[in-house]
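A.B. asks: What follows is a structure written as structure tokens; I'll ask about it next.
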Amino acid sequence: MTVVPPSFDLLPGDPASPVILHVPHSAREVPDDVRPGIVLDDAALERELDHITDAHTAAIAEEAARAARVTPWRFVNRLSRLVVDPERFPDEREEMLAVGMGAVYTRTTHTDVLRPDGFDAGPLIERYFHPYASAMTEAVSDRLAATGSCVIVDVHSYPTAPLPYELHADGPRPPVCLGTDPFHTPPALLDTAREAFARCGGTGLDSPFAGTYVPLRYYGERAEVTALMVEIRRDTYMTEPGGPAHEGVTRLASALASLVDAV
């Protein structure tokens with residue numbers, strides 16, 4: 001009998017912390033019963049995982065949580081985004097549908113076929129996407145109830161060179177890209193992040209990736225829920241694609257801990 005690993009973990013922090021470090025794309029795990037729906041052979045799937053996975057971002061968040069004076073909460077996806085991508089809209093609102101990368105991907109980073117035409121995404125959405133979204137919503141609700149606010153910091157990474165699937169690949173690719181939302185990212189949070197990551201080679205804004213993740217219950221509704229996406233260029237901490245981490249992890253984790261402490 002196949003044992004399916006948990007889809008996500010909520011790792012408790014200090015009861016007084018409003019911060020959730022959200023790590024949605026760090027895992028490579030594809031459950032055995034999901035694998036047959038992917039048309040790539042094993043070698044091609046491993047190559048795709050090298051490109052699509054935000055490798056070592058869970059380790060960066062973990063090290064930052066240990067270093068912070070007040071331990072943040074962590075919400076970590078334990079399955080690959082090739083199963084479902086919990087940060088996509090599950091419907092026509094998602095712009096990445098244009099390249100076959102809605103909540104359930106049908107194309108690869110290089111625009112090759114990942115799942116066949118007509119693939120029924122419904123079962124994956126029901127099994128993985130909705131429970132993840134519900135659990136993240138409840139995690140935010142708990143921080144609001146406990147502290148009166150919630151700060152969601154998304155921890156991502158992106159490749160040094162653009163991949164064919166990227167919709168906005170022509171802009172700057174700074175060492176750390178800060179993704180923002182006009183409602184949920186207040187100027188003070190953005191300024192604090194810029195200061196924290198200045199030691200990591202500098203920051204840019206909303207390029208090559210923009211936006212933040214906020215559960216739909218609160219999106220555009222509750223200003224007490226603030227959010228920031230931290231996109232780390234992979235050459236600053238690892239060998240690309242899909243290789244080992246290097247000493248940059250510690251520098252980035254320290255900067256992330258400084259951001260956590262400041263908010």
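The values are calculated or read from the model by the stated rules, or taken from the named source; none is laboratory data. As the structure is a prediction and not an experimental result, all values here were calculated from the model. Neighbour counts are summed over all protein chains in view; Cβ atoms, including those assigned to glycine, are modelled from backbone coordinates with ideal geometry. For the accessible areas, the whole protein counts, side chains as well, though only heavy atoms, and no ligand, DNA or RNA atoms are used. Shrake-Rupley method; radii C 1.70, N 1.55, O 1.52, S 1.80 Å.
A.B. asks: Does P123 satisfy the condition of being open to solvent by 30 Å² or more (accessible area, probe 1.4 Å) and either touching a Lys or Arg at 6+ places or on another chain (Cβ under 6 Å) or part of a helix (DSSP H, G or I) (or both)?
C.D. replies: Considered against the rule, which asks whether it is open to solvent by 30 Å² or more (accessible area, probe 1.4 Å) and either touching a Lys or Arg at 6+ places or on another chain (Cβ under 6 Å) or part of a helix (DSSP H, G or I) (or both), P123 comes out as yes.
A.B. asks: Do we find a residue being under 23 Å from M229 (Cα atoms) and touching a helix residue (DSSP H, G or I) at 6+ places or on another chain (Cβ under 8 Å) anywhere in region 27-39?
C.D. replies: yes
A.B. asks: May I ask you to list the residues in region 237-247 that are open to solvent by 20 Å² or more (accessible area, probe 1.4 Å) and touching a residue at least 12 places away in the same chain (Cβ under 8 Å)? Full working, then the answer.
C.D. replies: So the first thing to find is which residues in region 237-247 are open to solvent by 20 Å² or more (accessible area, probe 1.4 Å), and the list is 239-242, 244-247.
Hits for region 237-247 are E240, P241, G242, A245.
A.B. asks: Cβ-Cβ distance below 6 Å, separation of 6 or more or different chains: which pairs start in region 101-124 with a residue that is closer than 13 Å to P164 by Cα and end on one that is open to solvent by less than 10 Å² (accessible area, probe 1.4 Å) and among the aliphatic types (A, V, I, L, M)?
C.D. replies: From region 101-124, the pairs are R107/L114; T108/L114; T109/I52.
A.B. asks: In region 25-56, what residues are touching a residue at least 12 places away in the same chain (Cβ under 8 Å), over 13 Å from T108 (Cα atoms) and not β-branched (V, I, T)?
C.D. replies: H25, S26, A27, R28, E29, P31, D32, D33, G37, D54, A55, H56
A.B. asks: Within region 153-187, which residues are farther than 20 Å from G242 by Cβ, in contact (Cβ under 8 Å) with a residue 12 or more places away in the chain and open to solvent by 50 Å² or more (accessible area, probe 1.4 Å)?
C.D. replies: L167, H168, P172, F183, listed by residue number.
A.B. asks: Please indicate, with yes or no, whether at least one residue in region 65-82 is hydroxyl-bearing (S, T, Y), under 18 Å from the mean Cα position of the chain (by Cα) and either open to solvent by less than 10 Å² (accessible area, probe 1.4 Å) or over 25 Å from F197 (Cα atoms) (or both). Talk me through it step by step, then tell me what you get.
C.D. replies: Restricting attention to region 65-82, the residues satisfying the condition of being hydroxyl-bearing (S, T, Y) are 71, 80.
So of that shortlist, the ones also under 18 Å from the mean Cα position of the chain (by Cα) come out as 80.
Those still in the list that are either open to solvent by less than 10 Å² (accessible area, probe 1.4 Å) or over 25 Å from F197 (Cα atoms) (or both) too: 80.
Yes - at least one qualifying residue is present in region 65-82.
A.B. asks: Against the condition farther than 24 Å from G248 by Cβ and either modelled with pLDDT of 95 or more or open to solvent by 10 Å² or more (accessible area, probe 1.4 Å) (or both), how does D50 come out, does it pass?
C.D. replies: Numbers: farther than 24 Å from G248 by Cβ: no; either modelled with pLDDT of 95 or more or open to solvent by 10 Å² or more (accessible area, probe 1.4 Å) (or both): yes.
Spelling it out, it is not the case that D50 is farther than 24 Å from G248 by Cβ and either modelled with pLDDT of 95 or more or open to solvent by 10 Å² or more (accessible area, probe 1.4 Å) (or both).
A.B. asks: I need the full set of residues from region 67-100 which are part of a helix (DSSP H, G or I) and either in contact (Cβ under 8 Å) with a residue 24 or more places away in the chain or at positive phi (or both), in order please.
C.D. replies: Narrowing region 67-100 to residues part of a helix (DSSP H, G or I): 67, 95-99.
Residues satisfying the conditions are A67, E95, M96, A98, V99.
A.B. asks: Do we have any residue at all in region 134-152 that's within 14 Å of I52 (Cα to Cα), open to solvent by 60 Å² or more (accessible area, probe 1.4 Å) and modelled with pLDDT of 95 or more?
C.D. replies: Taking region 134-152 as the starting set, the residues that turn out to be within 14 Å of I52 (Cα to Cα) are none.
Scanning region 134-152, I find no residue that is within 14 Å of I52 (Cα to Cα), open to solvent by 60 Å² or more (accessible area, probe 1.4 Å) and modelled with pLDDT of 95 or more, so the answer is no.
A.B. asks: What number of residues in region 92-117 are closer than 16 Å to Y213 by Cβ and either surrounded by fewer than 16 Cβ atoms within 10 Å (Cβ to Cβ) or hydrophobic (A, V, I, L, M, F, W, C) (or both)? Break it down stepwise before answering.
C.D. replies: First, pick out the residues of region 92-117 that are closer than 16 Å to Y213 by Cβ: 93-96, 101-103.
Narrowing further to those that are either surrounded by fewer than 16 Cβ atoms within 10 Å (Cβ to Cβ) or hydrophobic (A, V, I, L, M, F, W, C) (or both): 93-96, 101, 103.
The total comes to 6.
A.B. asks: What number of residues within region 248-263 satisfy the criterion of being of a type outside the set (S, T, N, Q) and open to solvent by 50 Å² or more (accessible area, probe 1.4 Å)?
C.D. replies: As a first pass, look at region 248-263 and keep what is of a type outside the set (S, T, N, Q): 248-249, 251-253, 255-257, 259-263.
Checking the rest, the ones that are also open to solvent by 50 Å² or more (accessible area, probe 1.4 Å) come to 251, 262-263.
The number of residues fulfilling the criteria is 3.
A.B. asks: What are the residues in region 223-236 that are within 20 Å of V263 (Cα to Cα), out of contact with any His (no Cβ under 8 Å at 6 or more places or on another chain) and either of a type in the set (K, R) or surrounded by fewer than 17 Cβ atoms within 10 Å (Cβ to Cβ) (or both), if any?
C.D. replies: Once the filter is applied, which keeps residues that are within 20 Å of V263 (Cα to Cα), out of contact with any His (no Cβ under 8 Å at 6 or more places or on another chain) and either of a type in the set (K, R) or surrounded by fewer than 17 Cβ atoms within 10 Å (Cβ to Cβ) (or both), region 223-236 yields only E224.
A.B. asks: For region 202-222, what are the residues that are in a loop (DSSP other than H, G, I, E, B) and open to solvent by 60 Å² or more (accessible area, probe 1.4 Å)?
C.D. replies: A210, L216, R217, Y219, E221, R222
A.B. asks: Among the listed residues V4, V39, V30, which satisfies the condition of being assigned to a loop (DSSP other than H, G, I, E, B), surrounded by fewer than 21 Cβ atoms within 10 Å (Cβ to Cβ) and modelled with pLDDT under 95?
C.D. replies: On the way: V39 fails: modelled with pLDDT under 95; V30 fails: modelled with pLDDT under 95.
When all the criteria are applied, what remains is V4.
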